[in-house]
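Nothing in this text is a laboratory measurement; each read-out follows from the coordinates by a stated rule. Because the structure is a prediction, the values reported are computed rather than measured. Every residue, glycine among them, receives a Cβ derived from its backbone with ideal geometry; neighbour counts consider all protein chains shown.
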Amino acid sequence: MIRTLDHTADVGFELEAPSLEELFEEARRGLLLVMFERPPDRGGERETVRLSAPDLEMLLVRWINELAYLVQARGLVPTGSEPEIREDGGSFVLEAHLAGTELDPEVQGWQGEVKSATFHGLEVKRENGTWSARVILDV
């Protein structure tokens, strides 16, 4: 589930999912909803992303920023992901296999650049078996 937040000069969303991996997949979807009027939902191109961070909040920021980079610098819109997250020696590691399609601003309804995910109000938590996160994007 993705819920959009109003935030001065930025865009935010809240996420909920039954697993941590699904939460990160929801973050991918939330990013695309900010970037595109008509986000694509399938693609044949493949990409593997590997990231690590000392905590889940930083891992989520790195994930969103990597996805924004793929769209804006490489022209690859990640239409699906299969993230796997594990703890390794005191840090968190994410490996994701992405499906993607070529950026087509006209067809996809490009809404503008996302500079980065921020740490403002950022939280990732698990309560009553549900993972949730709050993310603010600098646009």
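Inspect all residues belonging to region 46-62 and state whether any of them is of a type in the set (D, E, K, R), closer than 18 Å to Leu23 by Cα and touching a Leu at 6+ places or on another chain (Cβ under 6 Å).
Yes, because at least one residue in region 46-62 is of a type in the set (D, E, K, R), closer than 18 Å to Leu23 by Cα and touching a Leu at 6+ places or on another chain (Cβ under 6 Å).
What are the pairs with Cβ atoms under 6 angstrom where one residue, in region 18-45, is in a loop (DSSP other than H, G, I, E, B) and the other, located anywhere, is buried (at least 18 other Cβ atoms within 10 Å of the Cβ) and among the hydroxyl-bearing types (Ser, Thr, Tyr)? Sequence gap at least six, or different chains.
Listed by first residue and then by second, the contacts come to Pro40/Thr79; Pro40/Thr101; Asp41/Thr79; Arg42/Thr79; Gly43/Thr79; Gly43/Thr101.
Within region 107-139, how many residues turn out to be outside any strand (DSSP E or B) and touching a strand residue (DSSP E or B) at 6+ places or on another chain (Cβ under 9 Å)? Let's see the steps before the verdict.
Going through region 107-139, the residues outside any strand (DSSP E or B) turn out to be 107-109, 111-115, 118-122, 128-129, 139.
Restricting the remaining residues to those that are touching a strand residue (DSSP E or B) at 6+ places or on another chain (Cβ under 9 Å) gives 108-109, 111, 114-115, 118-122, 139.
Number of matching residues: 11.
Does Thr118 fit the bill of being hydroxyl-bearing (Ser, Thr, Tyr), surrounded by fewer than 20 Cβ atoms within 10 Å (Cβ to Cβ) and touching a Gly at 6+ places or on another chain (Cβ under 6 Å)?
For Thr118, the condition - hydroxyl-bearing (Ser, Thr, Tyr), surrounded by fewer than 20 Cβ atoms within 10 Å (Cβ to Cβ) and touching a Gly at 6+ places or on another chain (Cβ under 6 Å) - is not met.
I'm trying to understand the selection: among the residues of region 14-56, which are hydroxyl-bearing (Ser, Thr, Tyr) and under 26 Å from Pro105 (Cα atoms)?
Listed by number, the list holds a single entry, Thr48.
Can you name the condition, by its number, that Val61 falls short on among (1) within 15 Å of the chain's Cα centre (by Cα); (2) surrounded by fewer than 14 Cβ atoms within 10 Å (Cβ to Cβ); (3) within 17 Å of Ala117 (Cα to Cα)?
Looking at each condition in turn, Val61 falls short on (2).
Looking at region 92-106, can you tell me whether even one residue there is surrounded by 13 or more Cβ atoms within 10 Å (Cβ to Cβ), touching a residue at least 40 places away in the same chain (Cβ under 8 Å) and part of a helix (DSSP H, G or I)?
No, that holds for no residue.
Going by the structure shown, is Ser52 touching a Pro at 6+ places or on another chain (Cβ under 7 Å), at negative phi and surrounded by fewer than 17 Cβ atoms within 10 Å (Cβ to Cβ)? Steps first, please.
On the way: touching a Pro at 6+ places or on another chain (Cβ under 7 Å): no; at negative phi: yes; surrounded by fewer than 17 Cβ atoms within 10 Å (Cβ to Cβ): yes.
For Ser52, the condition - touching a Pro at 6+ places or on another chain (Cβ under 7 Å), at negative phi and surrounded by fewer than 17 Cβ atoms within 10 Å (Cβ to Cβ) - is not met.
When residues of region 121-139 are filtered for being in contact with a Leu (Cβ under 9 Å, 6 or more places away or on another chain) and surrounded by 15 or more Cβ atoms within 10 Å (Cβ to Cβ), how many remain?
So the answer is 9.
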